[in-house]
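The values are calculated or read from the model by the stated rules, or taken from the named source; none is laboratory data. It should be emphasised that the depicted structure is a prediction, and the values quoted were computed from it without experimental measurement. All Cβ positions, even for glycine, are placed from backbone atoms using ideal geometry, and neighbour counts span all protein chains on display. We work out accessible area using only protein heavy atoms, side chains counted, and drop any ligands, DNA or RNA first. Shrake-Rupley method; radii C 1.70, N 1.55, O 1.52, S 1.80 Å.
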Amino acid sequence: MLQKIEFKGVALAPIAGYSDVGMRKVCADRGADMTCTEMVSAKGLVYGSDKTEDLLRTTDSEKIKCVQIFGSEPYYIAKAVEHRALEKFDVIDINMGCPVPKIVRNGEGSALLENIPLAQAVVKAALASDRPVTIKYRIGVTSGKIIARDFAVAMRDAGASALTVHGRTRTQMYSGRADWDVIASVKQAVDIPVFVNGDIVDRASYEKAMEITGCDGAMIARGALGNPKIFSDIKGAEIDGYSLKEDILTHLDVMLEFHSPNFVAANFKKHLAYYCRGMRAHREIKLKAFACRTVEEIREVILSYF
Ligand SMILES: Cc1cc2nc3c(=O)[nH]c(=O)nc-3n(C[C@H](O)[C@H](O)[C@H](O)COP(=O)(O)O)c2cc1C
């Protein structure tokens, strides 16, 4: 029996290089109903890469824990979902939207948009996990061929429990605007929950996206970078005496619980570059952050500027 999960609310999207265990924790603390790891390779898991497992740390703060895997070979997908590092996750999401050429050349990510029977076989293989399987995908490869509705129906038929639709095509990458009207047509076409994704950056854009699409929930990526409070803002939940500094320090400390100081020092700078967005001293903070060699130096930057 599949575990029953209510797919609704506001979720943190998978963001390669960013949606680490620390970011997922602070976003969950600020109201994210579901939080996703960055994409991890199904094959990487099967062949036991420590680097892959490192991306799969979680904390109890996360409400619905979602792991995103990518791959195009049903054999590896079925083996990957049985991996012990995935045991703590409530949901298995499969990446069918990644536009990066290296991934697409391997037939993975958004390449699956062009091979619906294989995409269905991948979903069926993931169902071996006995957990809800969800799909995150783009509305098509090019603007001349939007396949979002047909793809949604095919994924539902294969056994997907919910869908997240990024309203851009593969060739658009991250340019132009997410097409929420196409996502509305997906919501109309299937009887499983649908999350709208793309260009939700605050409460106003969230409300507009939900109004246009009628979706069950929304997924946010770039709008959450450096801004975990976006989740409470969207929910209209005021946080008394909110302190971004506290969130940044929590993020840093959680990273240190799970990773080596060297890893954290190297990886936290890019988060700081987002955390200081909109601040007057943002250029100076970025320069200082990127010059840091140790976690102590990073902490010093946080304590002196935020
Ligand atoms: C740096 C970066 C890394 C991303 N990594 C992933 C990923 O690992 N898996 C995935 O499905 N989407 C990934 N995405 C796409 C986002 O999840 C999301 O679909 C896209 O950014 C649109 O949403 P947004 O407007 O809220 O950012 C990534 C996006 C960015 C900018």
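Rundown of residues vs (1) open to solvent by 10 Å² or more (accessible area, probe 1.4 Å); (2) touching a Leu at 6+ places or on another chain (Cβ under 9 Å); (3) more than 23 Å from T58 (Cβ to Cβ), yes/no style:
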residue: P74; (1), (2), (3): yes, yes, yes
residue: I77; (1), (2), (3): no, no, no
residue: K88; (1), (2), (3): yes, yes, no
residue: V91; (1), (2), (3): no, no, no
residue: P101; (1), (2), (3): yes, no, yes
residue: V104; (1), (2), (3): yes, no, yes
residue: E108; (1), (2), (3): yes, no, yes
residue: N115; (1), (2), (3): yes, no, yes
residue: L118; (1), (2), (3): yes, yes, yes
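Is at least one residue of the range 262-269 β-branched (V, I, T) and either closer than 27 Å to D93 by Cα or without any contact (Cβ under 8 Å) to a residue 24 or more places away in the chain (or both)? Yes, that holds for at least one residue. I'm trying to understand the selection: among the residues of the range 155-176, which are polar (S, T, N, Q) and within 14 Å of the ligand (Cβ to nearest atom)? Hits for the range 155-176 are T164, T169, Q172, S175.
Matching residues to (1) assigned by TED's automatic domain parsing to the domain that holds M219; (2) acidic (D, E); (3) within 16 Å of the ligand (Cβ to nearest atom):
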site	(1), (2), (3)
D54	yes, yes, yes
T59	yes, no, no
K102	yes, no, yes
E114	yes, yes, no
L118	yes, no, no
L127	yes, no, no
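Residues in the range 6-48 that are assigned to a loop (DSSP other than H, G, I, E, B), away from the ligand (no atom under 13 Å from the Cβ) and modelled with pLDDT of 95 or more were compared, and the one that is most open to solvent (accessible area, probe 1.4 Å) is E6. Among the candidates I248, I285, I298, the residue that is surrounded by 17 or more Cβ atoms within 10 Å (Cβ to Cβ), in contact with a Phe, Trp or Tyr (Cβ under 7 Å, 6 or more places away or on another chain) and under 18 Å from C27 (Cβ atoms) is uniquely I248. Considering only residues in the range 200-220 that are within 13 Å of the ligand (Cβ to nearest atom) and surrounded by fewer than 20 Cβ atoms within 10 Å (Cβ to Cβ), the one that is farthest from V153 (Cα to Cα) turns out to be D202.
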